[in-house]
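Comments concern the structure below.
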Amino acid sequence: MAEYRLDCLGEACPVPLLKTQKKLAELKVGDVLVVEIDHSCAMKNVPEWARKEGHPVEIEEVGDGEWEVYIEKAK
Amino acid sequence: MEIQQARETAVRRTPKKRKNQLPIAIIVLILVIVLAVVFGQISSGLAVAWIFGVAFGVVLQKSRFCFTAAFRDPILTGGTSLSKAVLTAISIALAGFAVIQLFALQSGKGVPGAVNPVGIHVAIGATMFGIGAVISGGCASGTLMRFGEGFMMQWLSLAFFVVGSLWGAHDFGWWQQAVISASPKIHLPSLLGWPAALILQFAVLGGLFFLADWWGKKRNQA
């Protein structure tokens, strides 16, 4: 049940999503991946992709235009 | 749940350091109104363009509408919600333009709007634009919107977007002579008649919408 962080600050769409897909594949079931993003477009497609894959997702706006996306690997 | 714990510890770890943006918003709003009045005195068209421009920006930013993602995400992630949004927007525009053009033609004017020649140059340009948009993280509207949001990387995109546009404008004469002037200008309603043209266009858009919906569901199951 480890927690991993993925720094995608300053990365434009679709790089955060590709990095998330790669990183999540390495994780074990039950691990939480925290994706740090500041690109508004990634704010849409990262959670959308993760939810579609069936992972629980939560979003926290930690600063102005800076978000943390929490993805719990479900399978 | 793991996710809740991780989120709560993270919220405690990173205390909110957000500035109150309301004063800035009020100043910007006043500026928008003052400029609209100033532009209105120069010409009413300028003021209308200004208000519509600002409104477009607000809608783009708030809706996270992204033309690039509409074409990219179906392949990359299987997400087709933006593709369907773009198809819906085009359908609404199609209905609106049909009304505008019908009225203009009935009053004996030419076809309003940009009816441009279609040919190989469109395919070449579209491919180049698509590659550029995916690498730089946004098409024209997306780049402008994120420039305004303050995403610094896209300031770089905008600089080269301007460079590319200038280069394109410089070479436009050659393209005009070599390809564009030889390509046909097609206005479907003039060619097929209004009912057939509208049915064809809505059928194609509807078909694409159906395809996007099917693709999104198919990728979801995989």
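The values are calculated or read from the model by the stated rules, or taken from the named source; none is laboratory data. Keep in mind it's a predicted model, so treat the numbers as computed, not measured. Cβ atoms come from the backbone with ideal geometry, glycine included; neighbour counts cover every protein chain shown. Only protein heavy atoms, including side chains, enter the accessible area calculation; ligands, DNA and RNA are left aside. Shrake-Rupley method; radii C 1.70, N 1.55, O 1.52, S 1.80 Å.
A:LEU9 fails exactly one of the following numbered conditions: (1) surrounded by fewer than 16 Cβ atoms within 10 Å (Cβ to Cβ); (2) more than 26 Å from B:GLN21 (Cβ to Cβ). What is the number of that condition? For A:LEU9, the failing item is (2).
Taken over the stretch A:39-72, the criterion of being more than 7 Å from chain B (Cβ to nearest Cβ), buried (at least 23 other Cβ atoms within 10 Å of the Cβ) and either in contact with a Gly (Cβ under 9 Å, 6 or more places away or on another chain) or at pLDDT below 85 (or both) is satisfied by A:ALA42 alone. Kindly provide the set of residues from the stretch B:44-74 that are facing chain A (nearest Cβ under 10 Å) and over 20 Å from B:LEU29 (Cα atoms), ordered by number. Listed by number, the residues that qualify are B:ARG64, B:PHE65, B:CYS66, B:THR68, B:ALA69, B:ARG72, B:ASP73.
Okay, residues lined up against (1) open to solvent by 80 Å² or more (accessible area, probe 1.4 Å); (2) within 20 Å of B:GLY119 (Cβ to Cβ):
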residue: B:SER157; (1), (2): no, no
residue: B:HIS170; (1), (2): yes, no
residue: B:TRP174; (1), (2): yes, yes
residue: B:LEU188; (1), (2): no, yes
residue: B:TRP194; (1), (2): no, no
residue: B:ASP213; (1), (2): no, no
residue: B:GLY216; (1), (2): no, no
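Of the residues making up the stretch A:1-38, those that are more than 8 Å from chain B (Cβ to nearest Cβ), within 24 Å of B:ARG219 (Cβ to Cβ), among the aliphatic types (A, V, I, L, M) and assigned to a loop (DSSP other than H, G, I, E, B) are A:LEU27, A:VAL29.
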